[in-house]
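The values are calculated or read from the model by the stated rules, or taken from the named source; none is laboratory data. Fair warning: this is a prediction, and the values are worked out from it, not measured in the lab. Backbone-built Cβ (ideal geometry, glycine too); neighbour counts: all protein chains shown.
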Amino acid sequence: MTSTKTSLGLGTALAAALFITGTTGAGAQDATTIAFLMPDQASTRYEEHDWPGFEAAMKELCADCTLIYQNANADVALQQQQFNSVIAQGATIVVLDPVDSSAAAALVEIARSQDVKVIAYDRPIPDTPADYYVSFDNEGIGYAIAQSLVEHLTESGVADGDGVLQINGSPTDAAAGLIRDGIHRALEESPYETLSEFDTPEWAPPRAQEWTAGQITRFGGDIKGIVAANDGTAGGAIAALKAAGVDPLPPVTGNDATIAALQLIIAGDQYNTISKPSEIVAKAAAEVAVTFMKGETPTAQTTLYETPSQLFVPDVVTRENIKELIFDAGIQTAAEVCTGEYAEPCTELGITE
């Protein structure tokens, strides 16, 4: 495996529904059907960013293509049904963000037997190589958020040997495993002790909150920081800290730059997140899909799990650089984020006047 890097919802009842766009009538016989299958609704990113980004890119690259979108709502069996369904509908390329990375190996085998290309999206499929993989550098993300926290703890005078908690993502998500590995690497290099570690089923914030509450009872003031693998689990941890009356809050990491996390950072409740606009990866997936559609081989910048890959390097966002990386860069607007109780701290940071 090489490590080269490239710089840079819907309700449950709708989860199984098809969303199809494309041409009909004259010229439709020349259209290619491409499916975009996402894993869950625990994060709002798929309906708000990934699918719209993919759809917009495909409209520019192949206006005559037919697109199918489905979300499996964290249900492995449902995703398998959706996968079989889109192939039955004529999909020749499937962009797949798997609910379960191990179970997805069988889907790749099914696709291969029917000459269907699979582009692994966001989460890799380690056991059976897909035709291509596009994502952010997940191990790099884990290392970056943890290293950012370590540096902050050191600068804040936290003593060597003090403890941190580690909250990982879903145990069935290979991308979560990569993030975990990056966190491990940073913490192992640090002077701090990992008090306890948790794999969060389905990335569910309530599960992260419940676990953190137990660790607060167990370790109390010995918790000097929390490395959470994404913004949802970070939000759960912060909710547990506040419910326990912890003041001041220890710094908590995140990942995804959700609006809720940006607000927590602005308020000083969350220490960092990762700015990784999903539209970047969605556009890359669209470009790879169209390359396959033309019968060509897409260029790979690296290889991961024996799969040709393109990995993007994201930015760490803290209170100190949030204005530049998020608002000045147009990732989010003050109107979306600086609402209610966050208006005053936004003014303090120069985001609003």
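Of the candidates VAL290, VAL313, VAL281, the single residue that is surrounded by fewer than 20 Cβ atoms within 10 Å (Cβ to Cβ), of a type in the set (A, V, I, L, M) and farther than 28 Å from LEU241 by Cβ is VAL313.
Only a single criterion out of (1) of a type in the set (A, V, I, L, M); (2) under 26 Å from ILE259 (Cα atoms); (3) more than 15 Å from the chain's Cα centre (by Cα); (4) part of a loop (DSSP other than H, G, I, E, B) is not satisfied by ALA74, namely (3). Being assigned to a helix (DSSP H, G or I) and at pLDDT 95 or above: is that true of ALA300 here? Here the answer is no, as ALA300 does not meet what is asked. Taken over region 217-267, the residue count meeting the criterion of being of a type in the set (A, V, I, L, M), assigned to a loop (DSSP other than H, G, I, E, B) and at negative phi is 4. Of the listed requirements (1) assigned to a loop (DSSP other than H, G, I, E, B); (2) surrounded by 20 or more Cβ atoms within 10 Å (Cβ to Cβ); (3) over 24 Å from the mean Cα position of the chain (by Cα), LEU153 misses just one: (1). Checking each residue in region 80-124 for being outside any strand (DSSP E or B) and small (Gly, Ala, Ser) picks out SER85, ALA88, GLY90, ALA91, SER101, SER102, ALA103, ALA104, ALA105, ALA106, ALA111, SER113. Looking at LEU241, LEU249, LEU264, just one residue is outside the structural domain of VAL118 (by TED's automatic domain parsing), over 26 Å from ALA335 (Cα atoms) and buried (at least 20 other Cβ atoms within 10 Å of the Cβ), and that residue is LEU241. For region 252-261, a tally of residues being hydroxyl-bearing (Ser, Thr, Tyr), buried (at least 24 other Cβ atoms within 10 Å of the Cβ) and under 17 Å from TYR46 (Cβ atoms) returns 0. The set of residues in region 321-353 being part of a loop (DSSP other than H, G, I, E, B), over 23 Å from the mean Cα position of the chain (by Cα) and loosely packed, with under 15 Cβ neighbours inside 10 Å consists of THR339, GLY350, GLU353.
Which members of region 221-238 meet the condition of being of a type in the set (Asp, Glu) and surrounded by fewer than 22 Cβ atoms within 10 Å (Cβ to Cβ)? It would help to see each step written out before you state the result.
Just the residues of region 221-238 that are of a type in the set (Asp, Glu), to begin with: 222, 231.
The one that is of a type in the set (Asp, Glu) and surrounded by fewer than 22 Cβ atoms within 10 Å (Cβ to Cβ): ASP222.
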